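Following: one structure in structure tokens, then a few remarks.
The values are calculated or read from the model by the stated rules, or taken from the named source; none is laboratory data. What you see is a predicted model; the values in this text were computed from it and never measured. Reconstructed Cβ throughout: ideal geometry from the backbone, glycine too, with neighbour counts over all protein chains shown. We work out accessible area using only protein heavy atoms, side chains counted, and drop any ligands, DNA or RNA first. Shrake-Rupley method; radii C 1.70, N 1.55, O 1.52, S 1.80 Å.
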Amino acid sequence: MTDPRSVADVDPIVADLIQSELTRQESGIQLIASENFASRAVMEASGSVFTNKYAEGYPRRRYYEGCEFTDQLEQLAIDRAKELFAADFANVQPHSGSQANMAAYFAVLESGDTIMGMSLDHGGHLTHGSHVSFSGALFNFVSYGLNPETELIEMDEVRRLAVENQPKMIVAGYSAYSRHLDYEAFRSIADEIGAIFLVDAAHFIGLVAGKAMPNPMDYADIVTATTHKAIRGARGGLILSKEEYGKAINKAVFPGYQGGAIFSQIAGKAVAFHEAMTAEYQEYAVQVIRNAQALAGTLQAGGLRVVSGGTDNHLMLLDLRSLDEDLTGKEAAVVLDGVGITLNRNAIPNDPRPPFVTSGLRIGTPSVTTCGMREGEMERLGSLILDTIAKRDDETALKEIADGVSELVAAFPPYPAEFPGHV
Ligand code: DSN
């Protein structure tokens with residue numbers, strides 16, 4: 001029989017780290033655009049006995065016995081994903097968004113093929129062709145970026161590059177771009193050159209689920225995503241597609257790039273899809289965007305330049321040089337973390353500084369919106385951010401700001417008092 005004791009009894013070191021992390025998450029304002037607070041139900045499911053089960057293959061076609069409940073679970077997650085995103089096909093097995101992209105590329109392309117994607121420097125993702133990722137090493141990526149004047153994706157330029165380079169796939173999607181993607185234009189360019197159109201919706205799939213954003217599945221051949229950002233599910237990846245690509249995608253995920261799927265995570269994904277079908281979640285998704293726009297407006301009014309002129313989604317990129325040429329993203333992120341405002345440094349388009357330093361910050365509103373904050377709190381938060389940057393060398397002022405942050409946080413806790421682990 002397994003040891004019935006709790007983690008606190010078996011391994012107090014790990015138990016303390018879990019407790020400390022809960023306290024850290026609850027005692028600051030979490031503004032990392034790719035993070036959120038998963039529900040208790042999602043965490044129970046992803047910490048369940050499904051962690052014990054091996055079930056390589058797909059429902060009703062496994063290489064193991066004892067899969068009757070695993071089959072039902074995976075089929076439920078697939079059916080919910082298909083319903084939520086009006087997709088013909090879903091694969092819920094990818095361990096992460098990067099693996100979802102890798103499997104999707106190899107499902108329909110061969111190593112060395114040309115793909116077009118947004119450069120990491122301009123807001124794309126590592127897996128959209130960066131030379132430090134498998135994508136740049138194994139495929140011939142051609143990058144598009146932002147227009148230097150407007151800081152928007154210019155579709156005429158995307159078309160010019162596509163016609164010139166004839167990629168077999170065009171990837172749209174981002175991890176640090178705050179404006180709508182013109183799916184119709186991407187689709188028509190892909191059709192013109194006979195390319196597959198893939199949308200990497202990892203950052204915004206939750207806003208699509210909540211119907212606060214257009215559904216990329218209406219335009220794309222394949223949509224890849226993660227399940228733990230705005231959508232608040234268990235950590236992992238997801239691939240949706242038109243029916244014709246389903247078989248190749250399944251083959252690429254397993255046995256192509258993964259062995260056994262992590263069924264406890266699939267349980268957490270299934271619960272999150274269920275939660276995302278509710279009216280409450282739809283209100284949440286709309287509020288995430290309203291909050292981002294309110295926060296961007298406050299920061300802009302305080303003289304902080306928002307890249308691309310504002311936001312249509314859950315995130316914004318801030319150009320710190322608008323406040324002080326010498327201020328780096330690294331320094332600003334550290335001082336903000338010191339007062340309890342946690343975010344990440346981020347390169348801005350054409351950033352003269354290296355990625356570990358940067359001239360920018362990225363902010364996202366999924367977590368604060370889960371806590372119940374609305375536009376009024378975003379104005380307060382914006383002032384706290386501006387004050388912290390302006391008074392970054394004044395210890396007394398920083399202490400007062402930290403008190404202000406604590407007050408705001410105390411009024412909007414992410415987890416209720418009865419949440420397991422609260423002391
Ligand atoms: N690039 C990570 C982020 O946006 O934080 C996610 O893969």
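Report yes if some residue within the range 152-165 is without any contact (Cβ under 8 Å) to a residue 40 or more places away in the chain, in a helix (DSSP H, G or I) and under 19 Å from N350 (Cβ atoms); otherwise report no.
From the range 152-165, those without any contact (Cβ under 8 Å) to a residue 40 or more places away in the chain are 153-157, 159-160, 163-164; that's our starting set.
Within this subset, residues satisfying the condition of being in a helix (DSSP H, G or I) are 155-157, 159-160, 163-164.
Those left that are additionally under 19 Å from N350 (Cβ atoms): 157.
For the range 152-165, residues without any contact (Cβ under 8 Å) to a residue 40 or more places away in the chain, in a helix (DSSP H, G or I) and under 19 Å from N350 (Cβ atoms): present.
For V199, are the conditions met, namely being within 16 Å of the ligand (Cβ to nearest atom) and either closer than 30 Å to R374 by Cβ or free of Cβ contacts under 8 Å to residues at least 60 places away in the same chain (or both)? Talk me through it step by step, then tell me what you get.
Values: within 16 Å of the ligand (Cβ to nearest atom): yes; either closer than 30 Å to R374 by Cβ or free of Cβ contacts under 8 Å to residues at least 60 places away in the same chain (or both): yes.
Considered against the rule, which asks whether it is within 16 Å of the ligand (Cβ to nearest atom) and either closer than 30 Å to R374 by Cβ or free of Cβ contacts under 8 Å to residues at least 60 places away in the same chain (or both), V199 comes out as yes.
Being crowded, with 21+ Cβ neighbours inside 10 Å, farther than 30 Å from L408 by Cβ and among the acidic types (D, E) is a property that holds for E74.
Taking the criterion of being over 16 Å from I231 (Cα atoms) and among the polar types (S, T, N, Q), the only residue of the range 31-50 that qualifies is S48. Of a type in the set (A, V, I, L, M, F, W, C), out of contact with any Pro (no Cβ under 7 Å at 6 or more places or on another chain) and more than 16 Å from the ligand (Cβ to nearest atom), is that true of I189? Yes: the conditions hold for I189. Could you please give the count of residues in the range 353-391 that are in a helix (DSSP H, G or I) and charged (D, E, K, R)? Selection size over the range 353-391: 5.
Take P413 and tell me if it is open to solvent by 40 Å² or more (accessible area, probe 1.4 Å), within 16 Å of the ligand (Cβ to nearest atom) and either within 22 Å of S27 (Cβ to Cβ) or free of Cβ contacts under 8 Å to residues at least 12 places away in the same chain (or both). Break it down stepwise before answering.
Working: open to solvent by 40 Å² or more (accessible area, probe 1.4 Å): yes; within 16 Å of the ligand (Cβ to nearest atom): no; either within 22 Å of S27 (Cβ to Cβ) or free of Cβ contacts under 8 Å to residues at least 12 places away in the same chain (or both): yes.
Judged against the criteria, P413 is not a match.
Checked against the criterion of being open to solvent by 40 Å² or more (accessible area, probe 1.4 Å), away from the ligand (no atom under 16 Å from the Cβ), touching a strand residue (DSSP E or B) at 6+ places or on another chain (Cβ under 9 Å) and assigned to a helix (DSSP H, G or I), the range 49-62 has no qualifying residue. For the range 77-124, residues that are in contact with a strand residue (DSSP E or B) (Cβ under 6 Å, 6 or more places away or on another chain), touching a residue at least 60 places away in the same chain (Cβ under 8 Å) and within 13 Å of the ligand (Cβ to nearest atom) total 6.
Annotation note: of K168, K211, the sole residue that is under 24 Å from the mean Cα position of the chain (by Cα), away from the ligand (no atom under 16 Å from the Cβ) and at pLDDT 95 or above is K211. Do the conditions hold for L31, that is, is it in contact (Cβ under 8 Å) with a residue 24 or more places away in the chain, among the hydrophobic types (A, V, I, L, M, F, W, C), surrounded by fewer than 20 Cβ atoms within 10 Å (Cβ to Cβ) and within 16 Å of the ligand (Cβ to nearest atom)? No: the conditions fail for L31. Of all residues in the range 222-264, those satisfying the criterion of being within 16 Å of the ligand (Cβ to nearest atom) and either farther than 22 Å from Y174 by Cβ or assigned to a loop (DSSP other than H, G, I, E, B) (or both) are T227, H228, K229, A230, I231, R232, G233, A234, R235, G236.
Among the residues of the range 206-220, those that are touching a residue at least 40 places away in the same chain (Cβ under 8 Å) and surrounded by fewer than 20 Cβ atoms within 10 Å (Cβ to Cβ) comprise K211, D218.
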